[in-house]
Amino acid sequence: MNFQLRTANPDDAPAILSLIQGLADYEHLSHEIVATESLLRATLFGEHSVAECLLAEVSGAAVGFALFFQNYSTFLGRPGIYLEDLFVMPEFRKQGIGKALFQEVARLAVERNCGRMEWSVLDWNQPAIDFYRSMGAQSQEEWTVYRLTGETLQQAART
């Protein structure tokens, strides 16, 4: 199957949102989606963009994406890339698209002199775990992810 990777642009907001919704369906998290096309345009392509997005296309239609942003390692004294989401529509999997997206983000990390690339995987998502292990990734079992959202984030900001 022929596919192309490219950097997303503001006109891609509908396609990106559709892929995010596909990812949320797959992860059983559709109830958590609050993103909109206008939010994506502002946060990905606005004056103060905070993340980047690569799209994979087949015959001009977006079938996968990798969304990532820069972070920083104090221990390494260097930037890193955090891969927020990597998703390929189910009917286009096992064709090298996910691997190509992953490799392109890794290539960008190397090009930008990053010290590491990180991401999170749901513990039940064995296909993703197997994929990342096949790419040489190692899980960081000693770290536990914590999160504040919504009202708890608001409360933490007030205390």
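Bear in mind these aren't lab numbers, they're just calculated from the coordinates by the rules spelled out. What you see is a predicted model; the values in this text were computed from it and never measured. Cβ coordinates were reconstructed from backbone atoms using ideal geometry, including for glycine residues, and neighbour counts include every protein chain displayed.
In sequence order, what are the phi-derived ³J(HN,Hα) couplings for the range 32-48 according to the Karplus relation 6.51 cos²θ - 1.76 cosθ + 1.60 with θ = phi - 60°, rounded to whole Hz, with x for glycine and proline?
8, 6, 10, 4, 10, 4, 5, 5, 5, 4, 5, 7, 9, 10, x, 4, 10
Would you look at the GNM of the chain, springs on alpha carbons closer than 10 Å, and say which of Val105, Val145, Val121 moves the most?
For the chain, modelled as a Gaussian network with Cα springs under 10 Å, the answer is Val145.
By the scheme Lys and Arg +1, Asp and Glu -1, what is the net charge of all other residues having a beta-carbon under 14 Å from that of Gly80?
Numbers: positive: Arg78, Arg112, Arg116; negative: Glu52, Glu84, Glu111, Glu118.
Computed value for this residue: -1.
How much mean residue ellipticity at 222 nm does the chain get from its helices, if each DSSP H run of length 4 or more adds -39500 (n - 2.57) and you divide by all residues, to the nearest 500 deg cm²/dmol?
Numbers: 5 runs with 56 residues, N = 159.
That calculation yields -10500 deg cm²/dmol at 222 nm.
I need the phi-derived Karplus couplings for the range 145-159: 6.51 cos²θ - 1.76 cosθ + 1.60, θ = phi - 60°, integer Hz, Gly and Pro marked x.
With the stated coefficients, the range 145-159 comes to 7, 10, 8, 10, 9, x, 5, 5, 5, 4, 5, 5, 6, 8, 7 Hz.
Select from Phe69, Phe87, Phe131 the residue whose mean-square fluctuation is largest in a Gaussian network model of the chain (Cα-Cα springs shorter than 10 Å).
Phe131
Mean separation of Cα pairs under 8 Å and 6+ residues apart, divided by the residue count of the chain: what relative contact order is that in percent?
17 percent
For P(r) over Cα pairs in 10 Å bins from 0, in percent, one of (i) 11, 43, 38, 8, 0; (ii) 9, 31, 31, 20, 9, 2; (iii) 9, 35, 39, 15, 1, 0 was computed from the structure I shared and the rest are decoys. Which label?
Among (i) 11, 43, 38, 8, 0; (ii) 9, 31, 31, 20, 9, 2; (iii) 9, 35, 39, 15, 1, 0, the one calculated here is (iii).
Roughly speaking, what is the centre-to-centre gap between the range 111-125 and the range 1-20 when only Cα atoms are used, to the nearest Å?
For the range 111-125 versus the range 1-20, the Cα centre distance is 21 Å.
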